[in-house]
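Novice: Here it is, the structure in full.
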Ligand SMILES: C[S@@+](CC[C@H](N)C(=O)[O-])C[C@H]1O[C@@H](n2cnc3c(N)ncnc32)[C@H](O)[C@@H]1O
C-alpha cells in the first residue's frame, strides 16, 4: 500500500482580502499607548481618522500626539462599550485582559480588529506599507512580516529611484504645483517642469523625489554645479542640455534657459531643470518658476541640500555650535562690498558673532575680508575655503581674515568654493 506523503501547505487556502480603508472622520479606537501605537498612529492620523486612544499610560511621542490634538486620549484601562461608534480597532496593549475584552467586543460589534499580541485571533492584519509619489504599497505575506517588509522595501525603492516604472495614466490632483488649476482626472497631463535641487555634487546627496523625477525625464537641463555624475545614468533617449553657468565665464542666458524649459514642456516632454544645491538659494529658481507661470506651465519645485550648509559639513565644519555660534548668515560674494550693485550690509555682518558663509566669493575674497576687518571683525578670525565640496576633487584651505587673500592666490583656490568665516572653523578637522 502506497504511503501518504505529507507536504507542507504552500499557500493559505483563505488569504486575507486586501482593502483600502477610507477612515477620514471615522472613529478608530487604539487600545494601548506603547510602541505599536507609536508606529501605527501616524498613518491613522494621516488618514484623517477620529482616533481615541484608551490606555493608562503612553510613550512620550504618543502623549505628544494627544497634546497636539491629533488623537483623544482616555487615560484609563479599556472598558466595555469603548468601541461604540468605532469602525476599526487596533488592540496593542500590554494588558492581556484588556486585549481579550476589546477583541471580544469587536467580534460582537463586527468591528474589524487588529491584534498585535495574537495575529490568529485578529479579524484584520496590517500590511507592510510604504508610499512614493502618490502610490501606496501594501504587502501581506500571511504571517511573515519580515518578508512583507522586504517586498514593500523593494517596491518602494524601485518606485523612488525610477527602476520600477509607474507612469501615470490620469493627471494627478495638483498638490505641489505652483501654477495650474485642477484638471479633471480623465484629461491628459498638462505640461509640467520640475525644478530639482540636485545637492552639492555627490550624487548620493540628491533627494529621493529629485532622483525619481530625473529617472522619468525626457529632457534634463543641467547646471555645471550639482550631481553631474547622475547624468551618465540617464538612458540614451534623454536629451541633456548643458546650461553651463560657469562662474564669470561662458553663460547660457537665463532667458535662453527659460525658453528651453517652456519649449520642451510644450512639446509634451517631461522636463527636469537640474540645479546645484537648492533651487531657491542663489539658484535663480524663482525666475524660472515665474517664467513658467507666465507661460501657463505648472512647475514642481523639489528642494535640494544647499552647498552653504553641506559643503562646510563635508569637511567637519558645523555652521552652528552650542556656545560658539547661534546664527549663520549666507551671503553672495559675487560683487565686491564697494560695488554699487551690492545689496549686502557688510558693516552689519562684521558686528555679528555668528558664522558667515559666503558663496560665489572666491574672486572677491580680498575686498570682502578687508571690509569685514574695517568694520570691526578681528583680523585673526578663522576662515576656511572648501572647493568642489562633496566631490572627488574636494579640498579645504584654511586662513584668517588677515591672510585669506594671499592664501587664495598662493594656493590657487578656484570656484566653486564655499567660504566659512567664524569660530566654528576651528571646530573642524583642519582639512
Ligand atoms: C550660483 S550659487 C548656487 C548655490 C546653490 N543653489 C546651493 O544652494 O548650493 C553657486 C555657488 O555655490 C557654491 N557651491 C555650490 N556647490 C559647491 C560645491 N560642491 N563646492 C563648493 N562650493 C559650491 C559656490 O560658492 C558657488 O560659486
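Only the coordinates and a few stated rules stand behind these numbers; no lab work does. Worth saying up front: this structure is predicted, and the values here are computed from it rather than measured. All Cβ positions, glycine included, derive from the backbone under ideal geometry; neighbour counts span all protein chains shown.
Novice: According to a simple spin-label model (label point 7 Å from Cα along Cα-to-Cβ), what is the distance in nm between residue 229 and residue 345?
Specialist: Calculated label separation equals 4.2 nm.
Novice: Continuing with the same structure: With each pseudo-label sitting 7 Å past Cα toward Cβ, what's the residue 290-residue 119 distance in nm, one decimal?
Specialist: Roughly 5.7 nm, to one decimal.
Novice: Which value in deg cm²/dmol, rounded to the nearest 500, describes the helix-derived mean residue ellipticity at 222 nm for the chain, given -39,500 (n - 2.57) per DSSP H run of n ≥ 4 and division by the residue count?
Specialist: -8000 deg cm²/dmol
Novice: Taking a cut-off of 39 Å, what percent of all Cα-Cα pairs in the chain are separated by more than that?
Specialist: Above the 39 Å cut-off, the chain has 44 percent of its Cα pairs.
Novice: Rank by packing, highest mean first: peptides 224-233, 267-276, with packing defined as the count of other Cβ atoms within 10 Å averaged across residues.
Specialist: The densest-packed peptide leads the list: 267-276, 224-233.
Novice: When DSSP assigns beta bridges and you keep just the ones with both residues in the chain, what percent turn out antiparallel, to the nearest 5?
Specialist: The antiparallel proportion sits near 35 percent.
Novice: Can you tell me the 0 to 90 degree angle between the C-alpha axis of helix 365-374 and the longest principal axis of the chain, rounded to 10?
Specialist: Helix 365-374 sits at roughly 90 degrees to that axis.
Novice: Another question about this same structure. Assuming 0.36 nm per residue, please report the length gained on full extension of the stretch residue 427 to residue 411 beyond their Cα-Cα distance.
Specialist: Full extension of this stretch gives 3.5 nm more.
Novice: Highest mean first, what order results for 34-45, 416-427, 359-370 on Cβ atoms within 10 Å?
Specialist: Descending packing order for the listed peptides: 416-427, 359-370, 34-45.
Novice: Size of segment 277-431 along its principal axes in angstrom, Cα-based, largest extent first?
Specialist: Projected onto its principal axes, the Cα set of segment 277-431 covers 53, 37, 34 Å.
Novice: Next question. Given a Förster distance of 56 angstrom, what is the FRET efficiency for residue 352 paired with residue 45, based on the Cβ-Cβ distance and rounded to 0.05?
Specialist: The calculated FRET efficiency here is 0.90.
Novice: Taking 56 Å as R0, compute the FRET efficiency from the Cβ-Cβ separation of residue 80 and residue 135 and round it to 0.05.
Specialist: About 0.90, to the nearest 0.05.
Novice: Can you pull the one-decimal nm distance between simple spin-label points at residue 338 and residue 320, each 7 Å off the Cα toward Cβ?
Specialist: So the label points at residue 338 and residue 320 sit 3.6 nm apart.
Novice: Could you give P(r) for segment 27-126, binned at 10 Å from zero, as whole percent values over all Cα-Cα pairs?
Specialist: With 10 Å bins starting at 0, P(r) equals 18, 57, 25, 1.
Novice: Also: Report the extension gain between residue 374 and residue 149 in nm, rounded to one decimal, defined as 0.36 nm multiplied by the number of residues separating them, less their alpha carbon distance.
Specialist: Difference between extended and current length: 74.9 nm.
Novice: Mind telling me which of 279, 96, 303 comes out most flexible in a GNM of the chain, alpha-carbon contacts under 10 Å?
Specialist: Answer for the Gaussian network model of the chain: 96.
Novice: Shifting gears a bit: With r defined as the distance between the Cβ atoms of residue 94 and residue 164 and R0 fixed at 51 Å, what FRET efficiency is calculated, to the nearest 0.05?
Specialist: Calculated value: 0.85.
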